[in-house]
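Heads up, the thing below is written out as structure tokens.
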Amino acid sequence: MPARLEIQHRAPAASIVRFDVQQRAQHTLMFVSFAVLALSGLPLRYSDWGISSWWMNVWGGIDNMRAAHRYAAWIMIAVCAYHLMYVLVKRPFPTTMVPKLKDVRDFVQEMKHTFGLSEETPKFDRFSYRNKFAYWLVYAGAAVMVVTGVILMYPIGATDSFGGWTLPLALVIHSDAAILAIGWMLIVHMYFAHFSRHVFPVDKAIFTGRVPIERYREEFPLEYVRIMAANGIRVPAIEEEMPAPAEQWLEAEEGVSEE
């Protein structure tokens, strides 16, 4: 049976449960491991910088920093493996992160709105096209970082199996991909996840699991209508603005709240 989102009425206002405990725990471990990897990896990448030498001394030397980097890498690998298992064993299989044609239409509509060509904003479901793009980007980035990281972690075995060329190539790919990932997190992810007008200065949902009901109504109107309908509440004002008959969006969609 599909999991259900609950509406919780807690001070100061009603909220909707969006993330369960497992999802929040996975995000926390991913964030912590990523932060440690960034703080320990950048000084190794730019070891000739003066500030890098100072930072290594704070960690107690380069050996401690390398050890922390490797431990954090194994934690991230474990979290990725657990998340993949978590998704694959879900019943019913989650579909809300699968890209759809609607995501393309939403992107086009948002560009029109952004550049003043339309007053209408896209109506997002549980996840917007931005959420889906970022989610699948993590899969690609994690695959690249894990493969190259394992090669660097076990250089003798890698060069014996694949040749000496693999080591310098893995080093370049690993370090450059890491810079790209850190830049993406600091600029793109932080803006949309924490600095946007809906949540500034920080989005508490990933820590509490709950989103204020008014924000849900504005940011995820299609799912909001379904949640309200499941609780016996109709929302005519939003239903009239939907790009399809309201009844279509009021039908329970498989996996609506399982992520």
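The values are calculated or read from the model by the stated rules, or taken from the named source; none is laboratory data. Since the structure is predicted, the reported quantities are computational estimates derived from the model, not experimental observations. Neighbour counts are summed over all protein chains in view; Cβ atoms, including those assigned to glycine, are modelled from backbone coordinates with ideal geometry.
For first residues located in region 153-168 and closer than 21 Å to M65 by Cβ, partners that are among the charged types (D, E, K, R) and lie 6+ apart or on another chain with Cβ distances below 9 Å form the pairs M153/R70. Within region 1-56, being of a type outside the set (A, V, I, L, M), at pLDDT 90 or above, over 21 Å from M76 (Cβ atoms) and not in a loop (DSSP other than H, G, I, E, B) holds for G50, S52, S53, W54. Return the residues of region 110-130 that are surrounded by fewer than 18 Cβ atoms within 10 Å (Cβ to Cβ) and either polar (S, T, N, Q) or touching a Leu at 6+ places or on another chain (Cβ under 6 Å) (or both); say none if nothing qualifies. Residues satisfying the conditions are T114, S118, T121. Criterion applied to T159, T148 was being outside any loop (DSSP other than H, G, I, E, B), surrounded by 17 or more Cβ atoms within 10 Å (Cβ to Cβ), modelled with pLDDT of 90 or more and polar (S, T, N, Q), and the one residue passing it is T148. Kindly check whether there is at least one residue in region 110-119 that is touching a residue at least 40 places away in the same chain (Cβ under 8 Å) and either in contact with an Asp or Glu (Cβ under 9 Å, 6 or more places away or on another chain) or aromatic (F, W, Y) (or both). The answer is no, given that none of the residues of region 110-119 is touching a residue at least 40 places away in the same chain (Cβ under 8 Å) and either in contact with an Asp or Glu (Cβ under 9 Å, 6 or more places away or on another chain) or aromatic (F, W, Y) (or both).
Out of curiosity, is K90 surrounded by fewer than 18 Cβ atoms within 10 Å (Cβ to Cβ), among the charged types (D, E, K, R) and assigned to a helix (DSSP H, G or I)? Judged against the criteria, K90 is not a match.
Candidates are the residues of region 30-83 that are small (G, A, S), free of Cβ contacts under 8 Å to residues at least 60 places away in the same chain and surrounded by 18 or more Cβ atoms within 10 Å (Cβ to Cβ); the one that is farthest from L186 (Cα to Cα) is A72.
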